[in-house]
There are 4 protein chains.
Amino acid sequence: MGASGYSGEELVRLLLRHPQVELTAITSRQYAGQTLAGVFPKFAHFPQAAALCFCEPNAERLAQLAQIVFLALPHGVAVEFAAPLLRLGCRVIDLSADFRLRNAERYQEFYGQEHPAPDLLERAVYGLPEVYREAVKKASLVASPGCYPTSILLPLLPLVRDGLIRTDDVIADSLSGVSGAGRKAELEYLFVECNESVRPYGVPKHRHLSEIEQELSLAAGKPVIIQFTPHLIPVNRGILTTLYLTPEPPARETAAQARFMEQVAHAYRSVYANEPFVRMLEGKALPDTKNVVGTNLIEFAWRLDPRTGRLLVMSAIDNIVKGASGQAVQSLNLMCGFAESTGLL
Amino acid sequence: MGASGYSGEELVRLLLRHPQVELTAITSRQYAGQTLAGVFPKFAHFPQAAALCFCEPNAERLAQLAQIVFLALPHGVAVEFAAPLLRLGCRVIDLSADFRLRNAERYQEFYGQEHPAPDLLERAVYGLPEVYREAVKKASLVASPGCYPTSILLPLLPLVRDGLIRTDDVIADSLSGVSGAGRKAELEYLFVECNESVRPYGVPKHRHLSEIEQELSLAAGKPVIIQFTPHLIPVNRGILTTLYLTPEPPARETAAQARFMEQVAHAYRSVYANEPFVRMLEGKALPDTKNVVGTNLIEFAWRLDPRTGRLLVMSAIDNIVKGASGQAVQSLNLMCGFAESTGLL
Amino acid sequence: MGASGYSGEELVRLLLRHPQVELTAITSRQYAGQTLAGVFPKFAHFPQAAALCFCEPNAERLAQLAQIVFLALPHGVAVEFAAPLLRLGCRVIDLSADFRLRNAERYQEFYGQEHPAPDLLERAVYGLPEVYREAVKKASLVASPGCYPTSILLPLLPLVRDGLIRTDDVIADSLSGVSGAGRKAELEYLFVECNESVRPYGVPKHRHLSEIEQELSLAAGKPVIIQFTPHLIPVNRGILTTLYLTPEPPARETAAQARFMEQVAHAYRSVYANEPFVRMLEGKALPDTKNVVGTNLIEFAWRLDPRTGRLLVMSAIDNIVKGASGQAVQSLNLMCGFAESTGLL
Amino acid sequence: MGASGYSGEELVRLLLRHPQVELTAITSRQYAGQTLAGVFPKFAHFPQAAALCFCEPNAERLAQLAQIVFLALPHGVAVEFAAPLLRLGCRVIDLSADFRLRNAERYQEFYGQEHPAPDLLERAVYGLPEVYREAVKKASLVASPGCYPTSILLPLLPLVRDGLIRTDDVIADSLSGVSGAGRKAELEYLFVECNESVRPYGVPKHRHLSEIEQELSLAAGKPVIIQFTPHLIPVNRGILTTLYLTPEPPARETAAQARFMEQVAHAYRSVYANEPFVRMLEGKALPDTKNVVGTNLIEFAWRLDPRTGRLLVMSAIDNIVKGASGQAVQSLNLMCGFAESTGLL
């Protein structure tokens, strides 16, 4: 549902190429009645694209056509369709923010409206497979994480879980490509306004903080509040995050720093060594969005600054793939018992 | 001298348009003997460009032709020409790093070679006019600041001077356009390698730290070490810096935060209210490199995050103008008694 | 009038910096009541920008405030203001298409509406100073040319006038930056839709054909129809045009080709040798938009292909400066008796 | 062989993902001894990438390791390896220009050196599967076409074969992304030199003319010479070609034009209706490189200009996929009896 935005379009691309999926319906109010090939000539070479028509969003109809429904709808709209779809027996993978928070008050604080279906919140699984793999497999409702949270949580959670860093001194500085703003006709996202431009935005309380801090708090066993600053940069896709962290206890001397770095490497390797979509850069390389764009991978590197004693962790993802549609398909694979990387390599 | 790099080229453009300057010589080993109009057709419509030839670098010759010499040469090379030029009576504005540090050991630590003329260091004035205006006016040797330092020091110094922030907890996260790397034929700066790419580099000890920390230490009256991470982003020009700062004393409650913000505004206004090239964004606007590219301005905004108690300061400059050639011309104007913004608006 | 589009904004920038102009009023329905500095922080360092407010468009009011009025309004709207402004004694420089055509039927054919003030058409002077300099000086109504026409006519007219090429075999292939589409919130001009994209559009009958063919026909003394294909490319500014032309008579042999090229060079030099904003590239260089962006120059080069006998002429301009606002200021300078390049170098 | 350039790298990506291919060796003088994962972290998640090492180019060694060898080497170098590899029993797919021309003199004219193995020329098959499918299947030596030729020949050949256009009046105006220049550390391909720049180059006799005219001449049954102008535009990938053609006989009246357009549509449909990688845009859509980048498709549209009687055909490809590596894999699939689109969707 909602196949005409950037995440929806990428989802369609991934599902058309997925060897074990049959894409049976796509919805879009704007394009209802038109074929996929007509609206997106870029898909015209897929045999299904000539036959598949966009239809109006209708839960009953979709429940007859599909076992699993992806919601690539705005927050506040997704929730309206999730409830009936679940009732009708579909499993739902929601790419919006509607089911990412366990706490309805937190939703209201950050999204400015009462949550319309708070009872569904506890049923939802936060769709970060590297963290909630087993729960995703059995989930009927997956809340696929936001793009910034994915880029921040994957490199941060192992350190928080192992108690290696101070949780009251976390800074996440993120740079996002323009597709993150969605396919919306607004002046500030025109080519001329974004090209040859770099700017911060949403300072200081971006909505994604709610899910980031929720997951960090769960990992830490205590409330965590962090600093997070997003910036808009002139690329189509990609998020680069730089994390500024403080070792706990402080690591001032060379020996303590070396020991700390061993612990960090161990924390990462022990959880990510066999993850198909996590690339730890342990040599000299630093992350670069161009190495992950178009893939479902996150890559990250870490450095200790001997002069300040701070730990820097830098990560890169494709905001539309690992940060949205690819990660949603990763959850689909888990839910259906397919190999986790099916259709994603 | 060194008119074929990006800073040199911009300097030529500024000087050709400067109503009180006569550009009498330009040097370039690579282009010696060719006319300016021939090498840079973009300058061909300036009457002087057809007659002006690039010449070999030669201090004696230049001293006969000019009263003031700009050095847009690599560090380590600039110093070789500065000494004879000064001896021959020229005033010198150096855009390299050779005279920015007061301490020769510090130079060696960060630039990896012994300083060849340490006696000249105390004669040099750090060419940040907003800080050293009076000294620049009388200087015979101006060390024009680096691009990152300019974007960091201007918004940071007033806070440090007034003791408003902790100097042991300063993080500067900077994003630079590719011209910052210079006109060098290296694979990593090819269009295809930079376009659709965002990446950190030089982590964790970038050379510009040396001058940033020198100036902060002078302002603080004690040694200051900061965290600084540069990133490369796909724009031709522009630096965006985000500073993460901690109020001193901490400002946790609303009232304390409001008071702190008044002090910050006061600190800024009292030094920058009448600066021709400093734009404080006091409304809702946040800085954007596209608003300063092609100008000698720095614009910056600041926000206190009530949830973390941290102060965020965000600045934008054109790395080649305010971050290099424009600032050098600003110094020239001061040295010659011209109105400070002559040729720069 | 209409100071919030890309041409209007550039016009404001040029007029603020113009040493002989006082900008007394700017209009914008959208921003009426707000200051220039507030809407465009990038102008905040000009002293006038804090005081100057956008006002509602009102001919009477403007006639009291100004001697010359620029119209940077959509076609069809400009004409509504031109008539009363002229009646009230203002001289008008119109950047829209409303007065570029001498023939009202031709306007209707290409712009799809009846011309509301056909009597004004003969009063208007086509504001291409290199062609109509004397008429511009005395004009009360200047119709400033379109961007594509400027890039095509300047290199083409001398050849047509001298009868050097066949006028029934002219192909103009043009590439334009996205600012040419104006500051309009439309999906197809979003960053993500334009970046990493190249596409033709408006095939085969673009509106600019009407003025191009009018001027070519006048120069040829007979009706001329040409082929013109615009393309959209991911740069902010710039138009590159490649003209495919056939010598008349055909130049098949080496000697004839050499003679023809002498005639071409002579045709160009005799009209453009002393033009301040025309740069003929007579060496090996080919035009590049980056050499003219931000300037009021057109640069062009020409080559004869010995294998096909065709003449190629390639030109580059900044679509917003020489293609719009700069050229309008050039007309202003002529109308007021200022040096033609005042405020434009 | 030659796996470190842009085509080589894309070839590696396609072959790693190809379900029926085992990539057994990669060569690179520069990276010999290093692993694929080490040199290109972007491939590190492929299991083979950790084990596969770049080796020195050595025909004997490769002949032991592989049945089919791709040459992604510069012209003049490819030929040195093709001969021994063929002798040793390998089948060779060459992405360089070394075997594209049937005539050794023509090679010398355009490539400036004598062809070192003219006897191999007649053995080579020009690897445009849509034209030479049956020959490719049986070929031992495939000369994969250049990027511009692919974008020009596929939409042009059916018209030439059917005698629908004049072959002495063909103009091809092409726009290419910067990857077309290869991964070479040259000043003119630096980010800052290409970004915000558009420029023609290689005027008027680009090397690709040799193979374009060879294939057109074969289709026409007589010598064909065309006009071809390449331009460099700031995108990583993509070629957009605009062809200006003249109907034969001329189609001046409406009825004749309608009839001509039916013939054109018929010519295209009869050869391309079932081609997996050819997308004819028959509705309102015009080609856009962003719709083909990352795919092996060519898309094209055509329009008759009723005012001039000319036919415009516009095509878009990814220069590195359909214009190089993808097309080479398409040939591989044919040579090995795999489904033609294996690994390419």
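Distances between placed amide hydrogens fall under 5 Å for D:Arg279 paired with D:Ile298, D:Glu299, D:Phe300, all partners being 5 or more residues away or on another chain.
Interface residues of the range A:331-345, defined as those with an accessible-area decrease of at least 20 Å² between the chain by itself and the complete set of protein chains (probe 1.4 Å), are A:Leu345.
The label point for B:Ala258 and the one for A:Gln64, both projected 7 Å from the Cα toward the Cβ, are 6.1 nm apart.
Over all orientations, the range B:78-207 has a Cα convex hull whose mean projected area works out to 10.1 square nanometres. Placing a pseudo-label 7 Å from each Cα along the Cα-to-Cβ vector at A:Ser217 and C:Arg87 gives an inter-label distance of 6.8 nm.
Contact with the other protein chains removes 20 Å² or more of accessible area, compared with the isolated chain and a 1.4 Å probe, from these residues of the range D:295-311: D:Leu297, D:Arg303, D:Asp305, D:Arg307, D:Thr308, D:Arg310. Alpha-carbon geometry of the range A:249-330: the Rg and the Dmax are 14.6, 45 Å, given in that order.
Here is how the number arises for chain A: DSSP H runs of 4 or more residues each give -39500 (n - 2.57), the sum is divided by the residue count, and the result at 222 nm is -9500 deg cm²/dmol. Close amide H pairs (under 5 Å, H built 1.01 Å from N) link A:Gly238 with A:Gly177, A:Asn319, A:Ile320, residues at least 5 positions away or on another chain. Rounded to the nearest 10 degrees, the angle from helix B:254-272 to the longest Cα principal axis of chain B is 20 degrees. Between C and B, roughly 1300 Å² of accessible area is buried in total, ligands, DNA and RNA not counted and the probe set to 1.4 Å. Counting, for every residue in B:89-101, the Cβ atoms of other protein chains within 10 Å of its Cβ and taking the mean gives 0.
What percentage of the solvent-accessible surface of chain C, computed with a 1.4 Å probe over protein heavy atoms, is contributed by carbon and sulfur atoms?
On the way: 5890 of 12110 Å².
Carbon-and-sulfur percentage of accessible area, whole number: 49.
Here is the P(r) of the range C:137-233: all C-alpha pair distances, binned every 10 Å from 0, give 14, 41, 28, 15, 3 in whole percents. Sorted into 5 angstrom bins from 0, the C-alpha pair distances of the range A:258-304 split as 5, 20, 29, 24, 15, 6, 2, 0 percent. Sequentially through the range C:222-231, phi angles give Karplus couplings (6.51, -1.76, 1.60; θ = phi - 60°) of 6, x, 10, 10, 10, 9, 9, 10, x, 10 Hz, Gly and Pro residues having no value and appearing as x. Note that the range C:194-204 has calculated 3J(HN,Hα) couplings of 9, 5, 6, 9, 9, 7, x, 7, x, 7, x Hz, one per residue in order, obtained from phi through the Karplus relation 6.51 cos²θ - 1.76 cosθ + 1.60 (θ = phi - 60°); glycine and proline are x. Once the Kirkwood radius over Cα pairs is known for the protein assembly as shown, the Stokes-Einstein relation at 37 °C and 0.692 mPa s delivers a diffusion coefficient of 98 µm²/s.
Under 5 Å between amide hydrogens, built in the peptide plane, is the criterion, and for C:Val142 it picks out C:Val92, C:Ile93, C:Asp94, C:Val125 among residues at least 5 positions away or on other chains.
Averaging 1/r across all pairs of distinct Cα atoms in the range C:306-345 and inverting the result yields a Kirkwood radius of 12.1 Å.
Going by a ≥ b ≥ c, the root eigenvalues of the Cα gyration tensor, does chain C fall in the rounded group (a/c under 1.5), the prolate group (a/b larger than b/c) or the oblate group? Prolate shape, in that a/c is at least 1.5 and a/b is the bigger ratio.
Modelled label positions at C:Gln30 and B:Arg183, each set 7 Å beyond Cα in the direction of Cβ, lie 3.7 nm from each other.
Using only Cα atoms, tell me the angle between helix B:6-17 and the longest principal axis of chain B; keep it within 0 to 90° and round to the nearest 10. Taking Cα atoms only, the helix is inclined about 70 degrees. Within the range B:187-345, all pairs of alpha-carbon atoms sorted by distance into 10 Å bins from zero give the percentages 9, 28, 38, 20, 4, 0. Going from the isolated chain to the complete set of protein chains, the range A:231-266 loses at least 20 Å² of heavy-atom accessible area (1.4 Å probe) at A:His231, A:Ile233, A:Pro234, A:Val235, A:Asn236, A:Leu240, A:Thr242, A:Tyr244.
Here's the picture: a label point sits 7 Å out from the Cα of C:Ala285 along the beta-carbon direction, and within the range B:24-38 the residues with their amide nitrogen under 13 Å of it are B:35-38. Specify the angular offset, from 0 to 90 degrees and rounded to the nearest 10, of the alpha carbon long axis of helix C:209-220 from the longest principal axis of the alpha carbons in chain C. Computed tilt is about 50 degrees.
From the cross-link list A:Lys137/D:Lys42; A:Lys137/A:Lys322; D:Lys184/D:Lys290; A:Lys290/A:Lys322; A:Lys290/D:Lys184, which pairs have alpha carbons spaced over 20 Å apart? In this structure, A:Lys137/D:Lys42; D:Lys184/D:Lys290 exceed 20 Å between Cα atoms.
Derived scalar couplings between HN and Hα for the range D:302-308 equal 9, 9, 9, 8, x, 6, 10 Hz in order, rounded to whole Hz, by the Karplus curve 6.51 cos²θ - 1.76 cosθ + 1.60 (θ = phi - 60°), x for Gly and Pro.
Compute the distance from the alpha-carbon center of the range C:279-300 to that of the range B:276-341, in whole Å. Taking the Cα centre of the range B:276-341 as reference, the centre of the range C:279-300 is 31 Å away.
Can you tell me what the convex hull of the Cα atoms of the range A:1-127 projects to on average, as an area in nm²?
Working: hull surface 31.1 nm².
Convex hull of Cα atoms, orientation-averaged projection: 7.8 nm².
Counting only protein heavy atoms and a 1.4 Å probe, the protein assembly as shown has 35 square angstrom of accessible area per residue. Given a 1.4 Å probe and the protein chains as shown, A:Thr254 ends up with an accessible area of around 110 Å².
The values are calculated or read from the model by the stated rules, or taken from the named source; none is laboratory data. Every value quoted in this text rests on a predicted model; they were computed, and no experiment measured them. FYI the Cβ positions are ideal-geometry reconstructions off the backbone, even for glycines, and counts take in every protein chain you see. Side chains included, ligands, DNA and RNA excluded: accessible areas come from the protein's heavy atoms. Shrake-Rupley method; radii C 1.70, N 1.55, O 1.52, S 1.80 Å.
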